[in-house]
Amino acid sequence: MGLETGDPIEDIPSVERLVCERFADFEEAFGDQLSERFESHGRGGRLAEILSAAPGASPAARAAFLSLAERGKIPRTPQALRALGAERPGSVLLLARCWDTLDSRHHSNDSATMHAEVGVILRDHFANDAGVRQRLVDRYKKVPDIVTAIPLAIFAPDAEELPFPVDFDSLGRKFTDWTVAVHVAACRADGASFCKLLEAMVTRRRRSIFDAQQLTNLAVEARLHRDSDLVDLLTARVGKDVNPSISGSFARYLASAGKLHTEARSRVLALLQEFGKEQRLPIAGYDAVADQWRTVRATLLDAVSTELELV
């Protein structure tokens, strides 16, 4: 009898964590057949994937997960790499598995997003490693494509090999190209140019679940933390006569970065009051932080609520 942790399409994270917590019991009950019991039709063996959900939940799960990692048998996914990073931060083992993932011949719509996630892990664990930077540069120079550009843009946005300044008209043709552009510009563009890029991004006509918007937002928030001029520029673009996607997204960016100060908060509240007086039908706009198209009133209310929580 096979063991399942969900349906054929979606697994249940709480069940996978429970397996990790009680992994010693599973090993005792099924012995050498445990891996075979978790084989799934069309998805192959799932034991390594389940263990990567919460390897730190028990000593037995940790030992089994690290054993698989040493043999290169963990999934080549961001979840598995993050789990390994928690268990072996900054290790040679983690770095080797990151390269395995970047070098894998995984070609699908989410390829660039996965490479972006690996770029974040490399930056978090090996930020000052010149060898990592050089290898990312070499990979990009050898195959100058979006899947090689995005981990480099996240790890080293100042790399001269990456194209800059950004050509707005060329963006939107490939998944995650906005992510590359924003990370590079956040490092190298002046405040006014970066603000224009953000306006173009939040009002872009085409959006996809493969755009890695949440990873794009990391660069925006980091720039806001160190650039008071950008805070002022985004604040000035929250208003009645501004594109709703710009007003809503910029308010959310400011709030998420803890920069929704007195003037910005007043602008958000004034805009909400304006909508309450004159709005008969909901006005829709893109919320870049939520990565959703929604009513602007809800977006602005979330901005105010986030700001209050951070205070």
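Quick notes
- Leading residue by the ranking (surrounded by the most Cβ atoms within 10 Å (Cβ to Cβ)) among those in the range 167-186 that are within 21 Å of the chain's Cα centre (by Cα) and part of a loop (DSSP other than H, G, I, E, B): 176
- Restricting the range 1-58 to residues that are within 21 Å of residue 86 (Cα to Cα) and of a type in the set (D, E, K, R), the residue that is surrounded by the fewest Cβ atoms within 10 Å (Cβ to Cβ): 21
- So residue 143, is it buried (at least 19 other Cβ atoms within 10 Å of the Cβ), hydrophobic (A, V, I, L, M, F, W, C) and free of Cβ contacts under 8 Å to residues at least 60 places away in the same chain: no
- When we screen 76, 123 for residues that are among the basic types (Lys, Arg), outside any helix (DSSP H, G or I) and within 18 Å of the chain's Cα centre (by Cα), the only hit is 76.
- Of the helices (runs of 4 or more DSSP H) lying entirely inside the range 187-270, those carrying at least 3 residues that are buried (at least 21 other Cβ atoms within 10 Å of the Cβ) and outside the structural domain of residue 171 (by TED's automatic domain parsing) are 228-236, 244-256.
- Annotation: of all residues in the range 142-166 being part of a loop (DSSP other than H, G, I, E, B) and of a type in the set (Val, Ile, Thr), the one that is nearest to residue 212 (Cα to Cα) is 166.
The values are calculated or read from the model by the stated rules, or taken from the named source; none is laboratory data. Since we're looking at a predicted model, the values are computed, not measured. Every residue, glycine as well, gets a Cβ built from its backbone with ideal geometry; the counts of neighbours run over all protein chains shown.
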